[in-house]
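Okay, so here's the structure we're looking at.
The values are calculated or read from the model by the stated rules, or taken from the named source; none is laboratory data. Source: prediction; values computed, not measured. Every residue, glycine as well, gets a Cβ built from its backbone with ideal geometry; the counts of neighbours run over all protein chains shown. Just so you know, the surface numbers come from the protein's heavy atoms only, side chains and all, with ligands and any DNA or RNA stripped out. Shrake-Rupley method; radii C 1.70, N 1.55, O 1.52, S 1.80 Å.
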Amino acid sequence: MSARKAQKEKMVKQKFSLQLMWKQRYLLLMSVPFVVWLIVFKYIPLWGWTMAFQDVKPKTMTLPVWERPFVGFDNFIKAFQDRIFGQTLINTIGLSVLGIALGTVMAILFALMLNEICFVRFKKITQTISYLPHFVSWVVIASIAKMVLNDGGMLDTALHTRLGLMSSNSPIFWVTVCLINIWKEVGWDAIVYLSAMAGIDQGLYEAAKVDGANRIQRIWHITLPGIKPTIVVLLIMGIGGALNVGMERQMLLSNGIVQDHAMVLSWFAYVRGIGNSNYGLGTAIGMFQSLVGILLLIIANKVAGWLGESRLI
Amino acid sequence: MAKVKSNRIKSRDNILDYVLLVIFLFLIVITIYPFLNVLAISFNDPIDTMRNINFIIPRKFTWSNYVYVFTENSLGKAFLLSIARTVIGAAVGVICTAMIAYVLSRKDFYFNKFFTILFVITMYVSGGLIPEYLLLMRTLKMGNNFLVYIIPGLIWVYNIILVRSFVEGLPIALQEAARVDGANDFIIWAKIVLPLCKPVLATVALFMAVGQWNSFMDTYLYAKELPTLQYMLYEIMEKATVKIDPHAAETLKNAVSPLSVRMAVTIVATVPIIIVYPFLQKYFVGGMTVGAVKD
C-alpha cells in the first residue's frame, strides 16, 4: 500500500513529453477511443443546451448554431406559462417526495427486519426473492400491475370491491405508482443499508445486552445511529434527483384517464420537444430540470453540513 | 428479580422472531403471487381465463398461448432481436468497461486525472432527452439501426468506477512482474488483469445484460421498426387496453385472447432474468456495496 502511495507521488510530478506519450502509447490507444465516444454521446448533447435559447423547429434545425434565431429566455417563459406546466411540476414533486419518504422508510424497515431475523436460510431466500422485481423491466411490471390493480383486476376481484387505484385522476395515482415502485425496489435498496449495518461494531450490541437493553432499544440506539451517515448520503442523492422522475415508468403505468396526474417534467419535455417538434422548448424544459437538480443537490448537501451530518461532496 | 426480567426480555425477543417470520412470509407471497398468477394465465385456456383471473394453477392447461408467441412472425423476430442485443451489447460493453477502467486505475498514466473527471462529470449533468434524440436521429442518422441499441449505451460510468476500484485492490506486484518480463500495457491488461477481474466483470455483465434485455425506451424513441420483446409487450398491452370490443368473446373463439398472449409474453420476457440473477447474487451484492463507498 505504501509502495503504491510512493509510486503515486512520484508519478504525479511527471511532465508532458512525447517520450512519455510514446511510453504510454498502449494506455492512450486503450482510452482515447472511449474519450471520443464520451465526447460524442455525452458532451455534444450538453452543447445542445444552446438550443434552449433559440427557436429550433425542424425547419431551422439544419442551420448552423449561429444562424438559428436567438430568442433569449422565450422558451423558458413559454414552458412556465404552458397550460399543464404547473400540474406537471406538482406531479413531479409529489411523486418524488412520496417516493423518497416512503421508499427510504420501507427500505430501512426491510433491512432492519432482515438484520434481526435469526433464521439464516429463510433470510437468504427472502432476500433472493426480494431482488427479483428489481431485475424485471418496467414493461413487465406494468403488464403485471395493470392485471392486478386495474378496475376489475385481480385485487378488485379478490376483495369484491372497486379500489380504482389505476383509474383515479387524483394524487391517489401517485400513491399507486409509489407503492408499485417500492414493491419493485425495496429489496434492492435495502442492500446498501444492510451492508452499513454489517459495518457496525458488534461490541456495542454486546455492551447494550449486558446493560439490559432489549432488541427494540438496541435497534433504536445502536443500529439506526450506525446507519445514519448512509441514510443522509442517500437522501442527499435522492433530493438531487427529485425532478428526474423517469418518463418510462410514468408512461407505462398510466393510461388516458389518469394522464393529468401522471405527467412529469421529463415526459413533458418529450411531448413538447419531440411530439410537437419544438426542439428549443423541449431542451429548455430538460435544462430547467437538470439545473434545478444540481441546485437541489448543492442545497441538500449544505443543509446536511449545517446539521453536522456527513456530506456527499 | 434480575433473572426474571432477563427471562421476560428473552421470551419477548423470541416472539419478535416469529412475528418477523410471518411478515416475511407475507412479503414473499405478495412478491411471488403476481408472477405465479401471470404464469398460470399464460398456460390457461384463453376463454376460461376470461371468466376469472384469480388462480395460480392453470385450470385448463394449454400450450396454445406460447405456440402463438413463438410462431407469430413479429413476436418471434422480436425475441431473437432481444437476445441479439443482450448478448452483443453485454459482451462488447464488458470488454470496453474493463479496458477503460484499467487505464483509469493506472495512476502513472499522464491523462488519468483528466479523463477520470471527464467521465465522472457525465454522471451528474446530461444534455437531456431532446439533444440526445437529435444527435442520434438527425446528426448520426442511427434511427432504426441496430447500432442504436449498442453504441450510445456502450459504457456506464458507474460500472467503470466499480471495475476500477476492483482493479486498484489487486496486488500491483503481478503487473510489475509482467512488465519486467517485457509485456506491454495491453498484454498486461489482457493476460494479467482481465482474468483476475472475473467476479466484478460478472457483476457488470449482469447489469448490462439486464439493462439490454429490459430496455424499452430506446426502441420507443429511436427504433420502432426494430421492435424488441419489451416493445412488443408494450404494444400488446396498449392494444388490449384500447380495444373494447363487445363482440370480442365471440371473435376470440378458437383463438388466443390478448390477455393470455400478453401474459405469455410477460413470462417470456421475465424467465431469462429469473434463471440468471440468483446465481450472480453474491457478485452483485458485493458490487453494490463497492459502489456505495466509491471515492
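Figures for the structure shown
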{"item": "Test result for residue A:126, farther than 26 Å from residue B:228 by Cα, facing another protein chain (nearest Cβ under 7 Å) and open to solvent by 50 Å² or more (accessible area, probe 1.4 Å)", "result": "no"}
{"item": "Per-region count, the range A:268-280, residues facing chain B (nearest Cβ under 9 Å) and hydrophobic (A, V, I, L, M, F, W, C)", "result": "2"}
{"item": "Members of the range B:158-189 found to be open to solvent by less than 20 Å² (accessible area, probe 1.4 Å) and within 10 Å of chain A (Cβ to nearest Cβ), listed by number", "result": "B:160, B:185, B:188, B:189"}
{"item": "Any hit, the range B:133-152, residues being part of a loop (DSSP other than H, G, I, E, B), facing chain A (nearest Cβ under 9 Å), open to solvent by 40 Å² or more (accessible area, probe 1.4 Å) and modelled with pLDDT of 95 or more", "result": "yes"}
{"item": "Selection from the range A:256-269 of residues that are in a helix (DSSP H, G or I) and farther than 17 Å from residue A:76 by Cβ", "result": "A:256, A:257, A:258, A:259, A:260, A:261, A:262, A:267"}
{"item": "Residue in the range B:45-52 that is in a loop (DSSP other than H, G, I, E, B), without any contact (Cβ under 8 Å) to a residue 40 or more places away in the chain, open to solvent by 90 Å² or more (accessible area, probe 1.4 Å) and farther than 30 Å from residue A:120 by Cα present", "result": "no"}
{"item": "Residues of the range A:285-304 that turn out to be open to solvent by less than 20 Å² (accessible area, probe 1.4 Å) and over 15 Å from residue B:130 (Cβ atoms), as a count", "result": "4"}
{"item": "Residues satisfying the stated conditions in the range B:165-206, i.e. assigned to a helix (DSSP H, G or I), more than 18 Å from residue A:26 (Cβ to Cβ) and aliphatic (A, V, I, L, M)", "result": "B:173, B:196, B:200, B:201, B:202, B:204, B:205, B:206"}
{"item": "Pairs, first at positive phi and touching a residue at least 60 places away in the same chain (Cβ under 8 Å) in the range A:125-140, second assigned to a helix (DSSP H, G or I) and hydrophobic (A, V, I, L, M, F, W, C), C-beta under 9 Å, six or more apart", "result": "none"}
{"item": "Of all residues making up the range B:79-99, the number that are crowded, with 20+ Cβ neighbours inside 10 Å, away from chain A (no Cβ under 12 Å) and either outside any helix (DSSP H, G or I) or aliphatic (A, V, I, L, M) (or both)", "result": "3"}
{"item": "Count of residues meeting criterion [more than 21 Å from residue A:96 (Cα to Cα), open to solvent by less than 20 Å² (accessible area, probe 1.4 Å) and touching a residue at least 40 places away in the same chain (Cβ under 8 Å)] in the range A:192-219", "result": "1"}
{"item": "Residue satisfying all of: in the range A:56-71; in a loop (DSSP other than H, G, I, E, B) and in contact with a Phe, Trp or Tyr (Cβ under 8 Å, 6 or more places away or on another chain); most open to solvent (accessible area, probe 1.4 Å) among these", "result": "A:57"}
{"item": "One residue from A:300, A:242 being among the small types (Gly, Ala, Ser), more than 10 Å from chain B (Cβ to nearest Cβ), assigned to a loop (DSSP other than H, G, I, E, B) and under 16 Å from the mean Cα position of the chain (by Cα)", "result": "A:242"}
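Matching residues to (1) more than 16 Å from residue B:94 (Cα to Cα); (2) not aliphatic (A, V, I, L, M):
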{"residue": "B:138", "(1), (2)": "yes, yes"}
{"residue": "B:149", "(1), (2)": "no, yes"}
{"residue": "B:165", "(1), (2)": "no, yes"}
{"residue": "B:187", "(1), (2)": "yes, no"}
{"residue": "B:214", "(1), (2)": "yes, yes"}
